[in-house]
Amino acid sequence: MCVPWRAWLSFVIVIMAQRLSILYNKKPCYDIVVSKSFEELAAELKDLGTGEKRVCIVTDSNVGVLYERELKEAIRDVCKKLCVYTFPAGEASKTLDSARDIYRYLIEEGFDRKDVLLALGGGVTGDLTGYVAATYLRGIDYVQIPTTLLAQADSSIGGKTGVDFDGYKNMVGAFKMPRLVYMNLSVLKTLPDRQYFSGFAEVMKHALIKDAGFYEWLLTNMYEICEKDLDTLEEMVMRSCAVKKAIVEKDPLEQGDRALLNLGHTVGHAIEKAKGFELYHGECVALGVVAAAYISYKKEYLSLEEYLEIRDMFVPFYLPITIENISPDEVLKLTKSDKKMENDSIKFILLKQIGKAVIDRSVTDQEILDALNEIYYREEDAYE
Ligand SMILES: NC(=O)c1ccc[n+]([C@@H]2O[C@H](COP(=O)([O-])OP(=O)(O)OC[C@H]3O[C@@H](n4cnc5c(N)ncnc54)[C@H](O)[C@@H]3O)[C@@H](O)[C@H]2O)c1
Ligand SMILES: [Zn+2]
């Protein structure tokens, strides 16, 4: 039997991409498509009706240089009109001023409520574009095309959007679900290593929260992960997204279990602030996870061996497990200003076991301080 080449091609394409469907209030809401190129995106957008719509790619100055042309070529034929808005890369652009600049651009380009934004970039691009999509004309559609590991494994899923305000992170925002999340894993090849490994901390966090088998898999595939092997990345990102999917579907608006995703973030955010944002977010999360694992060990949830294994697991991924030049007392104080405070008690996330995180409101200041002292690097310790 002779199979026409087009049929073969579509067969190859079908098995190339992997897909997860996110439910919202138990109904299908949007798909996560994990691919190794931009090739399948045109068909996905066509299904969203972009042939009749204006489409604006919103990207940052680093990502635009690398991928704007390739993306435009891949999707030009399925958009009524295609334009690009580029903003300066970096967290400093995640502001209401940037949102205002994008609103103005969309007005000038004649965008109406039926049109679509594509967020091409890391978490900053996704959060900012999502926020504009949530608010422009009381809401228009947007698609996430995440290009950092942090954004692929974590921030592009779940519909949290927002901007920083007067130095307060993510102070203004909205829940706005994307119509589609499309990941091209190949773009991770150009991501600087430090950014890549910082994003890995969130992957590790997902495994520890809910999937002990995934945690074992990460240990076994350490080398391939560090080498950014595409097949390994595909499985890693799919499994990481599956954990986030399970949690956000159960609790889309963060009223309960979604808080589990904050494992490592109470201490992590405090260290981020104490260090004046000189460390990357994932690096602080790794330190926060070590602190949470230490408290879990002290509360006899984890064995000493499990605590030490979790701590040392970060090392091959170039993530810190100790920190110097901070004041543990100051970091403790900063944990109090974290948004996870509720009625004066911190909603701390601990590990009952590897792959099972729990919300704990009983963690004392002294326990946090002990954990901070545990991760505090003193030069004299190095010579013991
Ligand atoms: N919405 C959520 O649920 C959620 C969750 C976690 C974090 N966040 C937010 O995400 C943001 C951090 O995201 P991030 O770490 O992706 O930062 P980012 O978007 O600033 O990207 C990091 C850097 O990598 C560059 N870059 C991106 N993709 C690249 C690629 N493929 N090749 C080369 N360079 C590339 C960017 O230009 C930038 O300089 C924070 O603002 C944080 O608040 C949001
Ligand atoms: Zn995080």
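Structure summary
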{"item": "Strands (runs of 3 or more DSSP E) fully within the stretch 37-125 counting 1 or more residues that are in contact with a Leu (Cβ under 6 Å, 6 or more places away or on another chain), under 23 Å from residue 150 (Cβ atoms) and within 16 Å of ligand 2 (Cβ to nearest atom)", "result": "none"}
{"item": "Selected residue (only one of 118, 71, 96, 82 is more than 20 Å from residue 135 (Cα to Cα), away from ligand 1 (no atom under 11 Å from the Cβ) and touching a residue at least 60 places away in the same chain (Cβ under 8 Å))", "result": "71"}
{"item": "Every residue from the stretch 258-294 that is under 23 Å from residue 192 (Cα atoms) and of a type in the set (Phe, Trp, Tyr)", "result": "277, 280"}
{"item": "Where residue 255 falls short, out of the listed (1) without any contact (Cβ under 8 Å) to a residue 12 or more places away in the chain; (2) in contact with a helix residue (DSSP H, G or I) (Cβ under 7 Å, 6 or more places away or on another chain)", "result": "(2)"}
{"item": "Some residue of the stretch 302-317 being among the aromatic types (Phe, Trp, Tyr), at pLDDT 95 or above and either within 16 Å of ligand 1 (Cβ to nearest atom) or not in a loop (DSSP other than H, G, I, E, B) (or both)", "result": "yes"}
{"item": "Residue within the stretch 326-340 that is more than 24 Å from residue 169 (Cβ to Cβ) and in contact with a strand residue (DSSP E or B) (Cβ under 8 Å, 6 or more places away or on another chain) present", "result": "no"}
{"item": "Top-ranked residue of the stretch 135-185 - restricted to ones that are part of a strand (DSSP E or B) and among the charged types (D, E, K, R), ranked as farthest from ligand 1 (Cβ to nearest atom)", "result": "141"}
{"item": "Candidate set: the stretch 244-265, residues that are basic (Lys, Arg) and within 15 Å of ligand 1 (Cβ to nearest atom); chosen: the one surrounded by the most Cβ atoms within 10 Å (Cβ to Cβ)", "result": "244"}
{"item": "From the options 228, 244, residue that is of a type in the set (Lys, Arg), part of a helix (DSSP H, G or I) and in contact with a helix residue (DSSP H, G or I) (Cβ under 8 Å, 6 or more places away or on another chain)", "result": "244"}
{"item": "Only one of 288, 268, 282 that is touching a Cys at 6+ places or on another chain (Cβ under 8 Å), crowded, with 23+ Cβ neighbours inside 10 Å and either assigned by TED's automatic domain parsing to the domain that holds residue 173 or modelled with pLDDT of 95 or more (or both)", "result": "268"}
{"item": "Residue within the stretch 152-162 that is away from ligand 2 (no atom under 16 Å from the Cβ) and in the same structural domain as residue 22 (by TED's automatic domain parsing) present", "result": "no"}
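Quick grid of which residues meet (1) in contact with a Phe, Trp or Tyr (Cβ under 9 Å, 6 or more places away or on another chain); (2) at pLDDT below 95:
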| residue | (1), (2) |
| --- | --- |
| 4 | no, yes |
| 14 | no, yes |
| 39 | no, no |
| 59 | yes, no |
| 65 | no, no |
| 75 | yes, no |
| 79 | no, no |
| 88 | no, no |
| 93 | yes, no |
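The values are calculated or read from the model by the stated rules, or taken from the named source; none is laboratory data. Computed from a predicted structure; not experimentally measured. Virtual Cβ from ideal backbone geometry, glycine too; neighbours counted across all protein chains shown.
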